[in-house]
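Below is one structure, written out as structure tokens; comments come after it.
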Amino acid sequence: MAPLGGRPDRRRGARLVAARFDPDRFLSVLTGADMLFLALVPLAIMGEQLVRAWKWRQLLLPIRSVGTAPLFDTIMAGYLLGMLVPFGFGTVARPGFSPVART
């Protein structure tokens, strides 16, 4: 069983990335990047999550009719909670945010 701090190979990888990260090089690459593509990344991520919410809507339809927007909010709240609280808590708590749970 993995220790509470995460899997050892993930921690080792994070340490390796942190040790090799060069902020000056990162900023130089970022200034040379095409800003249109950088602006499209958040839109693509939101589109992906909207498709995921729509898929959940289709799966939940036999149980209860739920709109895509509330499911999108639930997915995004779970991701936010997952960033704030470690150990996969966002995934565990996500059903509590669900409009299906508020019956």
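Things worth noting here:
- Low-density loop positions, chymotrypsin sites (Phe, Trp or Tyr not before Pro), the range 4-84 - DSSP coil, at most 13 other Cβ in 10 Å: PHE21
- Acute angle (nearest 10 degrees) that the helix 68-84 long axis makes with the longest principal axis of the chain, alpha-carbon atoms: 40
- Cα gyration tensor, the chain - rounded (a/c under 1.5), prolate or oblate: oblate
Throughout, read-outs are computed from the coordinates displayed, never taken from laboratory work. Because the structure is a prediction, the values reported are computed rather than measured. Reconstructed Cβ throughout: ideal geometry from the backbone, glycine too, with neighbour counts over all protein chains shown.
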